[in-house]
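Following: one structure in structure tokens, then a few remarks.
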Amino acid sequence: MNQQPGVTVQQAREHRSTHTLPVVGIVLVNYNGGNYLPACLQSLTDVVYPSVKIVLVDNASTDGSADWVAANYPNIHLIRLTENRGITGGNEAGIMWCLEQQCDYVLLLNNDTEVDSHFLTHLMEAAEPDTIIVPKILYYDAPKRINNHFGDFDYWRGVHRDLFYNRLDDEHTSQIVYGKMTSTCAALFPRDLLERIGTYDAAYFIYYDDTDLITRAVHLGAKVKFVPQAVVYHKESSTSGGKMSPLTVYYCTRNRLYFMRKHQNNPAALIFFFIYFFVTRLPWGLLRLIKGERRQIRAMINGVVDFLKGRMGKASEERYR
């Protein structure tokens, strides 16, 4: 792909023709996100970068949020899936629409975020070939603290090595940095890179799907670039009940095991990971027991069992109730 020139905030304000700037497709996936969509979509309405197409993929929501979007934001393309296909199916449908619309870049964005009006301009100024661009993500309820899962990945232990996560925002988090891993809470991809990465692995449904996607991109030679001038505020894990909800515990447990088996090609390292994983589950389970969180323990055990039995994709709710 030919590299497009940088775009300043002033240029974004002055050039309103969609033919003068690279087109960015923004993909939002929604499942009963009616509590978060109004603020998210309003913030996107205020974005100054003019060459944008927004698609919202609704995963068969039952809270009326898809109808609300259709009634209040007719300029947003709405894709209504007939069943909940998770983040994997939702993002896949949104990306395919953006590629069909000839978008030059695709931004994956969580629906429980609010964006600074200049964030997309800053992302586009930093755009490079074969590079995934990520903004500075701050906690919505603690906007001086970093929420980015950005940095590298430990393929021995199966965990992210985050550079900034949960740190206070300061001069060290205000410099452009390159890495090899990020979440896709907010991530900008060049079109040609997405075409080379290929489709999502539907086995994940939610969680570790983005780790898989970025790993595949990096294996193709892609870089990940942290651009702190672009700012997004995130209500982390709000749509899945929180980081320690049984649903989150189930999918993270099952999918972490699946991810490592898929991507760790060193047999010794894979054996080390499985030993490390099961040994560390003992104190984790004891802590949950002390806190009376028996549902989380059951969800973890069910996640392990379903991985071993090859039960991937969307799980029945009884697996994490």
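Nothing in this text is a laboratory measurement; each read-out follows from the coordinates by a stated rule. This is a predicted model, so every value here is computed, not measured. Positions of Cβ are backbone-derived with ideal geometry, glycine not excepted, and every protein chain shown enters the neighbour counts.
Some values worked out for this structure:
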| read-out | value |
| --- | --- |
| Formal net charge of residues neighbouring D192 (Cβ-Cβ distance under 13 Å; K, R +1; D, E -1) | -2 |
| Formal net charge of residues neighbouring D212 (Cβ-Cβ distance under 9 Å; K, R +1; D, E -1) | -1 |
| Net dipole in debye of the chain [+1 Lys, Arg Cβ; -1 Asp, Glu Cβ; about Cα centre; nearest 20] | 1360 |
| Coil-residue GluC sites (Glu not before Pro) of the stretch 70-170, DSSP, other Cβ within 10 Å capped at 14 | E83 |
| Dipole moment magnitude, nearest 20 debye, the stretch 180-314 about Cα centre, only Lys, Arg, Asp, Glu C-beta charged | 380 |
| Of K136/K291; K53/K235; K225/K262, pairs whose Cα-Cα distance is over 31 Å | K136/K291 |
| Extended-chain gain in nm, criterion 0.36 nm per residue less alpha-carbon gap, I271 and D63 | 70.5 nm |
| Dipole moment magnitude, nearest 20 debye, the stretch 246-319 about Cα centre, only Lys, Arg, Asp, Glu C-beta charged | 80 |
| Computed over the stretch 151-242: relative contact order in percent, which uses C-alpha pairs under 8 Å that are six or more apart | 32 |
| Which labelled figure in (1) 37, 35, 18; (2) 86, 23, 15; (3) 32, 22, 19 is semi-axes √(5λ) of the Cα gyration tensor in Å, once derived from the coordinates | (3) |
| Length-normalised contact order for the chain - Cα pairs under 8 Å, 6+ apart - percent | 18 |
| Spacing of the two label points (7 Å from each Cα toward its C-beta) at A142 and R80, in nm | 4.0 |
| Gaussian network model of the chain, springs between alpha carbon atoms under 10 Å - residue of L287, L213, L120 with greatest fluctuation | L287 |
